[in-house]
Ligand SMILES: [Zn+2]
């Protein structure tokens, strides 16, 4: 028999439920709410006083509950760290894409168990902070064997796996980038496609140009993968237009956009995923979320968690920076970190607390979701349910 649990006494519930959302209530907020979960699903939401009888009951004590964060952009299969590079950069040295090669060397040298253990540790770290869905990219192997093994390891821990063989040109192909693109679109893709849902490319000066990026994405599409693109991070470029043209689920970074880029994102089905951890950690200018939102684009926030340019797993940190420095309201930032991420992964079962959704719940030690930006750096996560299972904290909330 399936066990049912009611979380009652929720002071403020963020549902992102379309049937409750309006111009005046963009997050579908319900005050004095309850949520009932059964198995791995949400089966009921509404006024706490009207909650049906259930097997178990948890009293939220007037605190806020929201959907688990959806982190739609992370690079978590790697070994080593680059703290010294970060310290050097913060002492005045500019960031270039070449630092990725440091992590490539460490990742190739690591065992499967080390990589799997590191990934599990980072996913647990994210979960402790309220994140219940994480996309994981390859991209630190850059050989057929090492890219396939990264995706095999990732696929055991998340369904959202992304083939990023085109992260940078592998060092062995420094003088033959065309040869590397042929590898990425040929034997490497053959080995990786069975373990991946998405295909991604770093379309940027110093990485892959428009023609190369197009070749990578189209080859992935031909193998059943859906594109997403690292676009317009370090400067203006063709990435956003290519992403929209190819029907990519997301264009990620979107830091340097022309008016035409903004129009393309506003008019297409491609989500603009903003990654403020990268600008924070490279001391770069932040993307202008306000401009995208005002144009009507769908915006997601994500961590870009990786050891080089954004070693944070904290979605709450991204929310706080987006509110402080990217022109987002607290409501918009919370929505982008939950529903926006779900849209970027083309998922309708996460990023929302509504009947039928996966029971991914994030209880805060705060009366409302506003505190995520209002109290930056404070660990506000009180409890997390992932697919109906209480995963944080132990022991149970009173
Ligand atoms: Zn990235």
Point to revise | Test: residue in the stretch 255-270 that is within 13 Å of the chain's Cα centre (by Cα) and within 16 Å of the ligand (Cβ to nearest atom) | key: no
Point to revise | Cβ-Cβ under 8 Å pairs, at least 6 apart or on other chains, the stretch 303-316 side farther than 19 Å from residue 379 by Cα and not assigned by the TED database to the domain that holds residue 138, far side at pLDDT 95 or above and more than 9 Å from the ligand (Cβ to nearest atom) | key: none
Revision key, fill the gap. Of 119, 123, the only residue that is within 30 Å of residue 384 (Cα to Cα), in the same structural domain as residue 245 (by the TED database), within 16 Å of the ligand (Cβ to nearest atom) and surrounded by fewer than 24 Cβ atoms within 10 Å (Cβ to Cβ) is 119
Practice item. Test residue 148 against the stated conditions and say whether it is modelled with pLDDT of 95 or more, under 27 Å from residue 120 (Cβ atoms), over 18 Å from the mean Cα position of the chain (by Cα) and within 16 Å of the ligand (Cβ to nearest atom). Key: no
Check your understanding: Do you know which of the residues in the stretch 66-88 that are crowded, with 24+ Cβ neighbours inside 10 Å, away from the ligand (no atom under 14 Å from the Cβ) and over 11 Å from the mean Cα position of the chain (by Cα) is farthest from residue 305 (Cα to Cα)?
Key -> 66
Study note, to complete from the structure: Quick count over the stretch 1-16, residues being surrounded by fewer than 21 Cβ atoms within 10 Å (Cβ to Cβ) and assigned to a loop (DSSP other than H, G, I, E, B), is 3
Study note, to complete from the structure: In the stretch 232-249, residues that are in a loop (DSSP other than H, G, I, E, B) and within 11 Å of residue 214 (Cα to Cα) total 2
Revision key, fill the gap. Taking the stretch 217-234 and keeping only residues that are over 19 Å from the mean Cα position of the chain (by Cα) and more than 16 Å from the ligand (Cβ to nearest atom), one is left with 218, 219, 220, 221, 222, 223, 224
Point to revise | Within the stretch 1-39, tally of residues that are touching a helix residue (DSSP H, G or I) at 6+ places or on another chain (Cβ under 8 Å) and either farther than 25 Å from residue 332 by Cα or touching a residue at least 24 places away in the same chain (Cβ under 8 Å) (or both) | key: 9
Review point. Hey, any hits in the stretch 286-293 for a residue that's within 21 Å of residue 198 (Cα to Cα), within 14 Å of the ligand (Cβ to nearest atom) and crowded, with 24+ Cβ neighbours inside 10 Å?
Key: no
Practice item. With the checklist (1) away from the ligand (no atom under 14 Å from the Cβ); (2) modelled with pLDDT of 95 or more; (3) at negative phi in hand, flag the one item residue 247 doesn't pass. Key: (3)
Exercise for review: Quickly run through the stretch 377-395 and pick out the residues that are at pLDDT 95 or above and surrounded by 15 or more Cβ atoms within 10 Å (Cβ to Cβ).
Suggested key: 380, 381, 382, 383, 384, 385, 386, 387, 388
Point to revise | Condition met for residue 278 (assigned by the TED database to the domain that holds residue 227, surrounded by 24 or more Cβ atoms within 10 Å (Cβ to Cβ) and within 16 Å of the ligand (Cβ to nearest atom)) | key: yes
Practice item. Check whether at least one residue in the stretch 167-175 is buried (at least 22 other Cβ atoms within 10 Å of the Cβ) and within 16 Å of the ligand (Cβ to nearest atom), and report yes or no. Key: yes
Check your understanding: Do we have any residue at all in the stretch 94-106 that's in contact with a strand residue (DSSP E or B) (Cβ under 8 Å, 6 or more places away or on another chain) and not in a helix (DSSP H, G or I)?
Key -> no
Review point. Residue 211 fails exactly one of the following numbered conditions: (1) at pLDDT 95 or above; (2) within 16 Å of the ligand (Cβ to nearest atom). What is the number of that condition?
Key: (2)
Study note, to complete from the structure: Among residues of the stretch 193-216 being assigned to a helix (DSSP H, G or I) and out of contact with any helix residue (DSSP H, G or I) (no Cβ under 7 Å at 6 or more places or on another chain), the residue nearest to residue 252 (Cα to Cα) is 211
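The values are calculated or read from the model by the stated rules, or taken from the named source; none is laboratory data. If you're wondering where the values come from, they're calculated on a predicted model, not measured in any experiment. In this analysis, Cβ positions are derived from the backbone assuming ideal geometry, glycine residues included, and neighbour counts consider all displayed protein chains.
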